[in-house]
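Step one of this worksheet: look at the structure below.
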Amino acid sequence: MGTHMKTTVEIADPLLQEARELASREGTTLKALIERGLRRVLSEKQEKPFKLRDASFGGQGLQPDMKDADWEKIRSMIYEGRGG
């Protein structure tokens with residue numbers, strides 16, 4: 001990996017103790033454990049591309065009498081019998 005930089009972070013004592021114990025059980029260093037955690041958080045935060053779900057349904061498309069209809073005609077048919 002590239003260059004390394006030393007830094008200081010304040011970690012709550014109970015969390016630090018738990019992290020040290022985990023590092024010991026896993027046979028790794030606290031530094032490696034912290035780096036692994038940071039990598040995981042950063043990878044989770046990377047934006048995933050938006051994907052529109054497929055909301056289509058089976059059908060025959062526009063009905064012949066609606067093929068050349070304007071919005072007013074379409075709207076009136078949508079609300080027909082619904083008080084709109």
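The values are calculated or read from the model by the stated rules, or taken from the named source; none is laboratory data. If you're wondering where the values come from, they're calculated on a predicted model, not measured in any experiment. No Cβ is skipped: glycine too gets one built from the backbone with ideal geometry, and neighbour counts run over all protein chains shown.
Tell me yes or no: at least one residue of the range 2-16 is out of contact with any Cys (no Cβ under 8 Å at 6 or more places or on another chain) and surrounded by 10 or more Cβ atoms within 10 Å (Cβ to Cβ). Before you say what the answer is, go through the steps one by one.
In the first step, residues of the range 2-16 are kept if they are out of contact with any Cys (no Cβ under 8 Å at 6 or more places or on another chain); the result is 2-16.
Still in the list and also surrounded by 10 or more Cβ atoms within 10 Å (Cβ to Cβ): 11, 16.
The answer is yes, given that some residue of the range 2-16 is out of contact with any Cys (no Cβ under 8 Å at 6 or more places or on another chain) and surrounded by 10 or more Cβ atoms within 10 Å (Cβ to Cβ).
Note down all Cβ pairs under 9 Å where the first residue falls in the range 51-71 and is at pLDDT below 80, the second is surrounded by 10 or more Cβ atoms within 10 Å (Cβ to Cβ) and of a type in the set (Gly, Ala, Ser), and they're at least six residues apart or on different chains.
Once the first residue is at pLDDT below 80 and sits in the range 51-71, its partners that are surrounded by 10 or more Cβ atoms within 10 Å (Cβ to Cβ) and of a type in the set (Gly, Ala, Ser) give 62/69.
Any residue in the range 24-39 that is surrounded by 10 or more Cβ atoms within 10 Å (Cβ to Cβ), assigned to a loop (DSSP other than H, G, I, E, B) and either modelled with pLDDT of 90 or more or over 19 Å from the mean Cα position of the chain (by Cα) (or both)? Outline the logic, then answer.
Going through the range 24-39, the residues surrounded by 10 or more Cβ atoms within 10 Å (Cβ to Cβ) turn out to be 24, 26, 28-39.
Filter once more, keeping what is assigned to a loop (DSSP other than H, G, I, E, B): 28-29.
Subset that is either modelled with pLDDT of 90 or more or over 19 Å from the mean Cα position of the chain (by Cα) (or both): 28-29.
Scanning the range 24-39, I find at least one residue that is surrounded by 10 or more Cβ atoms within 10 Å (Cβ to Cβ), assigned to a loop (DSSP other than H, G, I, E, B) and either modelled with pLDDT of 90 or more or over 19 Å from the mean Cα position of the chain (by Cα) (or both), so the answer is yes.
Can we say residue 8 is touching a Leu at 6+ places or on another chain (Cβ under 9 Å) and among the β-branched types (Val, Ile, Thr)? Reasoning before the result, please.
On the way: touching a Leu at 6+ places or on another chain (Cβ under 9 Å): no; among the β-branched types (Val, Ile, Thr): yes.
So residue 8 fails the test.
Would you check which residues across the range 40-78 are among the polar types (S, T, N, Q) and part of a helix (DSSP H, G or I) and list them? Explain how you work it out, then say what you get.
Just the residues of the range 40-78 that are among the polar types (S, T, N, Q), to begin with: 43, 46, 56, 60, 63, 76.
Once the filter is applied, which keeps residues that are among the polar types (S, T, N, Q) and part of a helix (DSSP H, G or I), the range 40-78 yields 43, 76.
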